[in-house]
Amino acid sequence: MSNEISIWAVVPAAGIGKRMLSDVPKQYLKIAGRAVIEHTLDRLLSVPQVRGVIVALQNDDPYWPSINIQSDKPVITTGGGSERCHSVLNALETLSDQHPSSTTKTWALVHDAVRPAVRVEDIEKLISTVAGSDDGGLLAMPVRDTMKRSGADQAVSETVDREGLWHALTPQLFDSRLLKQALEQALQDNFLVTDESSAMEHAGYRPQLVSGSEDNIKITCPGDLQLAELYLQASKISAA
């Protein structure tokens, strides 16, 4: 990786998480006595190549002040938006303000606030694989199961060939300037942005898929909390 590249993590954390059936946003639910987002930020900040983190929050977020970050690296907050893409855009704007006249190329490592078990070695593999390429890339997993497409009645309409299909994960790593341009263009075109890679693809780039680990789960439903806790405990045991 070139010494001219500066990597900052970007964490959109303004979501509510309705499927968790909780009054507390899912990033603030507790795993092993700590908020999900605390585990997530600790993982990101422990990556040597990451200089700091920018977190996009809801306005007047009442939970953030109690968050304890165990790192000396900077953690900067900014306002979130109505959708993930707006939160990421706000974070990228804040990131550009940190280096207004720098000649160093800044890269954004965008990661879900509710993926606390991502492996540091997977992030390092992503960085070493794609940093320096305008196409960027993302952690992903090849689809293993048989894929079915349903009709309106929930009955199977077809079996989909899984060859070449991947589950998109995060982090996703892109040149911050190119990603900002891609997101702005997608919004202008009314293109549905499901992740940062989709915006880059819409702009004509071909992000690299980098194989990640299956324990990098996204906490979406209540049962995911227990599974994430098991993965976090296992990682502490293996590191001991």
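Annotations
- Carbon plus sulfur fraction of accessible area for segment 31-161, probe 1.4 Å, in percent: 43
- Label-to-label distance, MET141 versus ASP189, with points set 7 angstrom from Cα along the beta-carbon direction: 3.0 nm.
- 15 Å beta-carbon shell around PRO12, net charge (K/R +1, D/E -1): -1
- Here the peptides 215-224, 141-150 are ranked by packing, the mean other Cβ count within 10 Å, and the order with the highest first is 215-224, 141-150.
- Among the helices of the chain, those built from whole DSSP H runs whose Cα atoms reach 24 Å or more along their own axis and whose mean Kyte-Doolittle hydropathy is at least 0.0 are 222-239.
- The lysine pair tally for the chain, using Cα distances under 25 Å and a gap of 8 or more places or different chains, is 22.
- Between ARG162 and LYS236, the C-beta separation translates, for a Förster distance of 51 Å, into a calculated FRET efficiency of about 0.90.
- The residues of the chain expose, per residue, 52 Å² of accessible area to a 1.4 Å probe.
- Using only the C-alpha atoms, the convex hull of segment 41-85 corresponds to 87 Å³ per residue.
- Most mobile listed residue (ALA56, ALA140, ALA152) in the chain, GNM with C-alpha springs under 10 Å: ALA152
- Residues listed by number, segment 34-61, amide nitrogen under 13 Å from ASP72 label point at 7 Å toward C-beta: none
- Distribution of pairwise C-alpha distances over segment 135-197, 5 Å bins, in %: 4, 14, 16, 16, 17, 14, 12, 5, 1
- Dimensions in Å of segment 78-188 - Rg and Dmax from alpha carbons: 17.4, 57
- In the chain, helical runs assigned H by DSSP with n ≥ 4 each contribute -39500 (n - 2.57); averaged across all residues and rounded to the nearest 500, the mean residue ellipticity at 222 nm is -9500 deg cm²/dmol.
The values are calculated or read from the model by the stated rules, or taken from the named source; none is laboratory data. Since we're looking at a predicted model, the values are computed, not measured. As a convention, Cβ positions derive from the backbone with ideal geometry for all residues, glycine included, and neighbour counts pool all protein chains shown. The area values use the complete protein model at the heavy-atom level, side chains included, leaving out ligands, DNA and RNA. Shrake-Rupley method; radii C 1.70, N 1.55, O 1.52, S 1.80 Å.
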